[in-house]
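To start, the structure under review is shown below, and the notes come after it.
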Amino acid sequence: MKAPVSWIREYADLPVDVSTEDLAARLTALGLKLEALERPGHDITGPLVIGRVLTMEPEPQKNGKTINWCTVDVGDANGTGEPQGIVCGAHNFAVGDLVVVVLPGGVLPGNFEISARKTYGHLSAGMICSTKELGLGEDHAGILVLPADAGEPGDDVFDLLDLRDEVIEFEINPDRAYALSLRGVAREAALAYDVAFHDPAERKTPAPNDEGHPVVVDDPEGCPVFVARTVSGFDPTAPTPDWMARRLLLSGQRSISLAVDVTNYVMLELGRPIHGYDADKLSGPIRVRRAAEGERLTTLDGTDRALSTEDLVVTDDSGIIGLGGVMGGEKTEMSETTTRVLIEAAHWDAASMFRTGRRHRLTSEAGKRNERGVDPTICEAAADRVAELLAEHGGGTVDPGVTVVGQAPTPRTITIPIDLPARVTGMNIASDTTITNLRAVGCEVDPAADTLTATVPMWRPDLHDPFDLVEEVARIVGYEDVPSVLPSAPSGRGLTPAQAMRRRVGRTLAGEGYVEVLSFPFVGEADFDRLGLEAGDTRRTALRLANPLSTEEPLMTTTLLPGLLRTVARNVSRGAADLALFEASPVTFPHPGEAAPILPVDRRPTDDEWTALNRALPDQPLHLAFSLSGDRDRAGWWGNGRPAGWSDVIETARRVAATLGLELTVRSASVAPWHPGRCAELLVGETSVGHAGELHPTVCRAFGVPARTSVAELDLETLLQRAETTPTAPAFSTYPVAKEDVALVVAEDLPAEALAATLREGAGPLCESVRLFDVYTGAQTGEGRKSLAFALRFRAPDRTLTEKETATARAAAVALAEQRHGAQQRS
Amino acid sequence: MSGPNSEYDPVQVTPLDEEHVNAMREEALAAIAAATDLEALKRVRAEHAGDRSPIALANREIGALPPQARKDAGQRVGQARGLINQALAQRQAELEIEAEARMLVEETVDVTLPWDRATQGARHPITTLSERIADVFVAMGWEVAEGPLVEAEWLNFDALNLGPDHPARTMQDTFWADPPEDHLVLRTHTSPVQARTMLTREPPIYVVCPGRVFRTDEYDATHSPMFHQVEGLVIDEGISMAHLKGTLDHFAESIFGPGIDTRFRPSYFPFTEPSAEVDLRCFVCRGLSPAVDDCRTCKGEGWIEWGGCGVVNPRVLTACGVDSDRYTGFAFGMGIDRTLMFRHGVADMRDMFEGDVRFSTAFGSEL
Ligand SMILES: [Zn+2]
């Protein structure tokens, strides 16, 4: 909302010395937020005066143009009283006209300095100005010709033309729709300085009668008030007066035609949107009703629209002629031939306006006001004001007929404890202050012993609840007076174990050299294809967005890998080589077909309602994904690097688990997007918690990541749930350890983990640990066989083991391995 | 060697006479002193103190002496051997020290050689700043509340006094799940967590909720369809805007330093009434003129727009089953990304989501 300060001052008796900055600051403090300050005309400096054209000699030039060599009477403004010689290229004026002259030394917008200069064979001492050069308009090409009674040659034109103004642009919050008008802004300005306010809506209007255009409202709920007035004999070519065009321009609206400009002007002035019809195009009575199924309308913007049965429409005998309160139709539009104007000032149901606007994607200045709520009591005043301006500037007459259908609702009353503002704000607000401030915003206040009842002004449809009044009182007292008091919370329990451990997981990964990334959760089917997910893969059942940012990525991801791999590729494209990345984010597994209920808001949901609501939500477990590309240990002066591989991501997964007090079981698996021979399923107990390994080469190519990139994706939610938060302290022996090595030749496909488990089992309770330290395949092991070497450690809790005891335990371990896996001992 | 001989003539057993023993001793001591390294000393030890050294050989002759001469000779040889061994031990110690010193010199390396064997890890600054903020509140006894990103429309809007026709509903351009009749949205703010908290806990409630939110903003230097908010909610008896102000002042000071406070401007949010926008005193110029004029952090305003807040609208309390006659509350919400941007001079929002490793590693591991 742009408000010229001169216009604000017309309705609020602000002291002359109030600066625009101060005004803007005080209004911001009241809740009309300053968005921007504009100072049109402040870049113009004089002398800028009225001149009378004395002579005008057209002089054709070689370049085909004709210039006018003029002499202009500028009074004493040039210091001599002699006529001023000026060359002018425009032709839309005549000898005797009053024009605006800028004399040498003046500056026009754009830092255009005027000086006497030789041109076209004359000394041109100044310039005759156009509207555009003065910053008064956009599209007027010619010279600004002043009315004959504008003044005398030599008169200063700054005030005459309102050349200088200051415009405050406000960001108006949805609850303060009344401030979408000069009436509302000026009311707040008067409040800010505690000065008189002159309500432009307060005017004597003629009483309703039966002579006006007939109007029938079938839906009084949708349209409680409909006022119609008619102006006849209107001259459609009459120009908009300069002052009005100027104000519209300063307020951000282009001048279109007198009839349109007047309706816009009154909307800005009073906040009440007005619609004008070409009365000669109307046939029969105007009707307001909801649209019927299948009805259509071509609106002013040329769009043919299918209407909903919720849309309010205006009709005449010819059918639908407008979308009530939102946009008129083409059929009855005012044009350059309109001589009779029917003025509609109607009050519309705000919720209907909002829905219709949204349904048809129509945003307009009128719609913005109608859907936020307009003062329903000023329809007659607004229509009367429009009629007056049209008649005055368009030369018509206002018809005596005054149609008024319906009436404004009665004002709302709100009763509050008188100390409520003080209690809710924590400010020291006396009862008197509360009463005074509520009256200042227009409430009628009826104080009782401990309460007060406020009758809310009709221009404030936003005031519903007791706390709404609290805000009104508080903003006038001033938010800067709110004291600063730290509340003391009851002692809390700190982070939950899951929250604390989530941090720990992040720190572990950062410590392992991984960099955390945050990716958008949006993916497309193509991402699942790139991952090589099969048709039935549960990860393909993703939540679809109705309005995705990109049609390529309409899904909420079920796996963190696409985002992670895109980030790997991005880093590689920016020159990074050895990359370790991780992301911990929720993924989404929808419950297709389950809709979340819209519950009532006037009470707490029942347990059943609450359960139903939560059941419809997708599962959104926290996942953890990490990737390694390039070298895990870089090459350097110390020697060769070591490329990252499948075992590194499994190791990281184990470390993450260990951070949570968990030990992972690793099983070989074959799952997309991993390399079928280099993929591990990771388990806690018998619960699968994710996969890790090297990516399938096709997947690497599809995502453009380095070959042999390895990744893991874990269900962090499950890991956190299973985490050991109160581990039991270990009991360990301090007797000497006995070490034995065992090398066994087994079938190549026997998992090392299985053989280790067998050795552990066979070695019995004296065995402290079994650690694989070598894997060998070669001629000595034989075809299809491999040798695995383990270091076994033995220790008893209560004594030093004898060599015999150790040897027996070792032999038992080997024996079980022979029996279970056909293992042969290597010597 | 011969065995004990009663007729042995001591005069003829020259190795054991005093002069000879002294000579052997002196010779040994000289050789020990002359040994310049541990190898040489090892040879000297063998030569002058070993089994075949002259003094060892002389020692064996003692038994051949007549009893009265044995004591003298034994004493003489024993003393000499003692001195030799002592000298050896001392020299050994000296040479070991020298050898180690030499080794230390020889092992000198260029410690400026680069060590970048492993990649540098880092957590994301959004994560660490969120934790830092949460910790400020946890230290006051608050707890950290969480909620889902895909949220029920009712919780994201209706329960927060944003009815289906509320104009504010269009202010937040929402991602809707398909079909819209499922009434699921990507949460547009962390406020549904407020509602969840009230529906699942009994007052008094003191919770803070950092989290991810979504709006259909095009992705550019200052907008992102995904960003982060931190929301605070207090529901207790006798809570007022003054408590809100006190909490935000403490929050500001904890994150931005002593003397950094906040100011309120009237605003509008459906879920709070009265509502305010919170400005943060510029932590660079501290809002002091005239230095403020060229402050890049606050663009000369002295204050930085930080977030929104207000007294919880009683309608929200009602929808969430809190007795609005007994309890009042306050809520606030700030952008974490925005806070990170002005606190650390991040110029482009996209840096936070593109995952360039150079971005996160620049922030260290904690903020
Ligand atoms: Zn500053």
Charge context of residue A:475, other residues only, Cβ under 14 angstrom, K/R +1, D/E -1: -3
Label-point separation, residue B:365 to residue A:485 (7 Å along Cα→Cβ), nm: 4.3
Shielding by partners, peptide B:240-252 (average Cβ within 10 angstrom, other chains): 6
Lys, Arg +1 and Asp, Glu -1 on Cβ, resulting dipole of the protein assembly as shown about Cα centre, debye, nearest 20: 4080
Sequence-distant aspartates and glutamates (8 or more away, or on other chains) whose Cα lies within less than 19 Å of residue B:71: B:7, B:9, B:17, B:18, B:19, B:61
Global form of region A:518-570, assessed from the alpha-carbon gyration tensor, a/c cut-off 1.5: oblate
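Between residue A:547 and residue A:65, what length comes free when the chain is fully extended (0.36 nm per residue of separation minus the Cα-Cα distance, one decimal in nm)?
Full extension from residue A:547 to residue A:65 adds 167.8 nm.
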Gain on full stretching of the segment that runs from residue A:339 to residue A:774 - 0.36 nm per residue minus C-alpha separation: 146.5 nm
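What net charge do the residues around residue B:259 carry, taking every other residue with its C-beta under 13 Å from that of residue B:259, with Lys and Arg at +1 and Asp and Glu at -1?
Values: positive: B:281, B:286; negative: B:249, B:253, B:261.
Around residue B:259, the charge tally is -1.
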Orphan Cys of chain B, criterion: no other Cys C-beta under 4.7 Å: B:209, B:309, B:320
18 Å tail of the calculated P(r), region A:476-590, as % of Cα pairs: 67
Exercise: per-residue mean of other protein chain Cβ atoms within 10 Å, A:473-479: 4
Alpha-carbon Rg/Rh ratio, for region A:215-406, with Rh computed the Kirkwood way: 0.94
Signed unit charges on C-beta, dipole axis of the protein assembly as shown, positive-most listed residue B:108, A:238, B:221: B:108
Cα long-axis angle, helix A:431-440 against chain A (0 to 90 degrees, to the nearest 10): 60
Förster radius 41 Å - calculated FRET efficiency between residue A:820 and residue A:799 (Cβ-Cβ, nearest 0.05): 0.85
Global form of region B:125-361, assessed from the alpha-carbon gyration tensor, a/c cut-off 1.5: oblate
Accessible area in square angstrom per residue, chain A, 1.4 angstrom probe: 44
Length added when fully stretched, residue A:663-residue A:748, from 0.36 nm per residue minus Cα-Cα: 28.0 nm
Accessible-area value, residue B:267, 1.4 Å probe, nucleic acids and ligands omitted, Å²: 10
Chain A - percent relative contact order, Cα under 8 Å, separation 6 or more: 8
Model label zone, residue A:688; criterion: amide N under 20 Å from point 7 Å along Cα-to-beta-carbon; scope region A:561-575: A:561-562
Residue A:549 - accessible surface, heavy atoms, 1.4 Å probe, Å² rounded to 10: 60
Radius 14 Å from Cβ of residue A:508, net charge of other residues (Lys, Arg +1; Asp, Glu -1): +4
Separation in nanometres of the label points that stand 7 Å from Cα toward Cβ, at residue A:199 and residue A:722: 7.2
For region A:415-428, Karplus couplings with θ = phi - 60° (6.51, -1.76, 1.60), whole Hz, Gly/Pro x: 10, 9, x, 5, 8, 4, x, 5, 5, 6, 8, x, 8, 8
64 Å tail of the calculated P(r), the protein assembly as shown, as % of Cα pairs: 34
With Cα atoms, 0 to 90° folded angle of helix A:497-511 axis to chain A main axis: 80
Per-residue mean of C-beta atoms belonging to partner chains within 10 Å, peptide B:153-159: 5
Region B:10-106, accessible surface, carbon-and-sulfur percent (1.4 angstrom probe): 52
Relative contact order of region A:341-500, defined on C-alpha pairs under 8 angstrom at six or more residues apart (%): 20
List of region B:223-238 residues, accessible area with partners at least 30 Å² below that of the chain alone (1.4 Å probe): B:225, B:226
Interface A:B - total buried accessible surface [probe 1.4 Å, Å², rounded to 100]: 8700
Burial ranking of peptide ranges A:776-787, A:211-222 (average Cβ count within 10 Å, highest at the top): A:211-222, A:776-787
Probe 1.4 Å, accessible area per residue of region B:10-106, Å²: 63
Most positive-pole-ward Cα, B:238, A:575, B:175, against dipole of the protein assembly as shown from beta carbon charges: A:575
Area accessible to solvent at residue B:305, 1.4 Å probe radius, in Å²: 90
For region B:1-150: rounded, prolate or oblate by the Cα gyration tensor [a/c cutoff 1.5]: prolate
Accessible area of region A:215-406 belonging to carbon and sulfur atoms, whole % at 1.4 Å probe: 48
18 Å Cα-Cα reach of residue A:331 towards aspartates and glutamates, excluding residues that sit fewer than 8 places from it in its own chain: A:278, A:280, A:295, A:301, A:304, A:316, A:317, A:344
1.4 Å probe, heavy atoms, protein only - residues of region A:518-552 losing at least 10 Å² accessible area vs chain alone: A:518, A:519, A:520, A:521, A:522, A:543, A:544, A:545, A:546, A:547, A:549
For region A:497-722, alpha-carbon Rg relative to the globular expectation (2.2 N^0.38 Å, N residues): 1.10
Delta accessible area of at least 40 Å² on complex formation, residues of region B:171-191, 1.4 Å probe, chain isolated as reference: B:175, B:176, B:178, B:182, B:183, B:184, B:186
Within the accessible area of region A:1-136 (1.4 Å probe), percent carbon and sulfur: 52
Nearest 10 degrees, 0 to 90: helix A:752-763 Cα axis against chain A principal axis: 50
Residue B:237-residue B:79 pseudo-label distance in nm [points 7 Å out on the Cα-to-Cβ vector]: 10.1
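The values are calculated or read from the model by the stated rules, or taken from the named source; none is laboratory data. The structure displayed is predicted, hence computed values, not measured ones. We place every Cβ from the backbone using ideal geometry, glycine too, and count neighbours over all the protein chains shown. The area values use the complete protein model at the heavy-atom level, side chains included, leaving out ligands, DNA and RNA. Shrake-Rupley method; radii C 1.70, N 1.55, O 1.52, S 1.80 Å.
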